[in-house]
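Laboratory data are not the source of any read-out in this text; all were calculated from the coordinates shown. Keep in mind the model is a prediction, meaning the values are calculated, not measured. Virtual Cβ from ideal backbone geometry, glycine too; neighbours counted across all protein chains shown.
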Amino acid sequence: MNINWNGVWAIFHHEMMRFFRTIWQSLASPVLSTVLYFVVFGAAIGGRIQSVEGVEYAAFIVPGLMMLTVLQQAVSNASFGIYFPKFSGTIYEYLVSPVGWIEVTMGFVGAAAVKSIMIALVILVTSFVFVGVHILHPVWMVAFLVLSSVGFSLMGFIIGLWAKSFEQLQIVPMMIIMPLVFLGGAFYSASMLPPFWEGVAKLNPVLYLISGFRWSFFGLADVPVGVSLVAVAIMVVVCLGIIRWIFATGWRLRE
């Protein structure tokens, strides 16, 4: 299978230029949110919960804050990126151009993933102002960060293809993604819950992402790291299958 890398680069470059045109707005919002999270969770709640499994609470929530940002930014950037061509009618230019579903997906999803990773790293740098964070497994930290950003960018891409309006574009991130992140151990460990609710929490797929990512920082995990990697891999494969089906059938592309 030959991939039109020029087509991939053209889409990727266009999306990144749109991001850099509003770079300060794109970075200011997550930085401000991080400061507020540290004030509310790190200072207020951290004053009552000194540490979690031997890790200072303010440091413990850093991986959760980064993953929260990655999931939000990946979904929103990828969904808006492909929805706007549908809204403006330029989606037909992609459909008749010498690029296939793989090139279109790689261009939009790659740009969304890179944006979310950049903002997550800014969050990490911002956290150093409030607390000292030691990354125990930096290579695995990068691996989980990239895999999670790609996985949720693929999900956002599907949402953008599915949505028929800007209102629908916001439904899934607000009504599903955000609750799953907050219930997925972003600001606490599942082991802190009663046994029944700990079992319920482990039904949340986001828990596996946050658990693996936190392990890369502190060596602490609510579920085995291998299970977290398998969960991310399954998510990527399933999303790719759905995207391939959408482009093969034209569902929601030609409406």
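General remarks:
- Inter-site label distance for Leu27 and Ser97 at 7 Å from Cα along Cβ, in nm: 2.8 nm
- Chymotrypsin sites (Phe, Trp or Tyr not before Pro) within the range 53-119, DSSP loop, no more than 10 other Cβ atoms inside 10 Å: none
- Relative to the longest principal axis of the Cα atoms of the chain, helix 101-127 runs at roughly 30 degrees.
- Per-pair calculated FRET efficiency, R0 = 22 Å: Leu203 and Ser51 via Cβ, rounded to 0.05: 0.20
- Whole-Hz couplings from phi, Karplus 6.51/-1.76/1.60, listed for the range 66-73; x for Gly and Pro: 5, 5, 4, 5, 4, 5, 5, 5
- Residue order, fewest to most beta carbons within 10 Å, for Glu167, Glu103: Glu167, Glu103
- Among (i) 1.24; (ii) 1.04; (iii) 0.93, the entry derived from the coordinates for Cα Rg over 2.2 N^0.38 Å: (ii)
- Here's the picture: a label point sits 7 Å out from the Cα of Arg244 along the beta-carbon direction, and within the range 83-124 the residues with their amide nitrogen under 16 Å of it are 100-106.
- Estimated vicinal HN-Hα couplings, Hz - the range 236-246 in sequence order (Karplus 6.51, -1.76, 1.60; Gly, Pro = x): 4, 5, 5, 5, 5, x, 5, 5, 4, 5, 4
- For a straight C-alpha distance cut-off of 17 angstrom, the aspartates and glutamates reachable from Lys164 (same-chain residues fewer than eight places away being disregarded) are Glu255.
- Couplings 3J(HN,Hα) for the range 211-224, derived from phi with the Karplus relation 6.51 cos²θ - 1.76 cosθ + 1.60 (θ = phi - 60°), are 4, x, 5, 5, 4, 5, 7, 10, x, 10, 8, 7, 9, x Hz, where x marks Gly and Pro.
- Here the contact order of the range 5-249, divided by its residue count and restricted to Cα pairs under 8 Å and six or more residues apart, works out to 26 percent.
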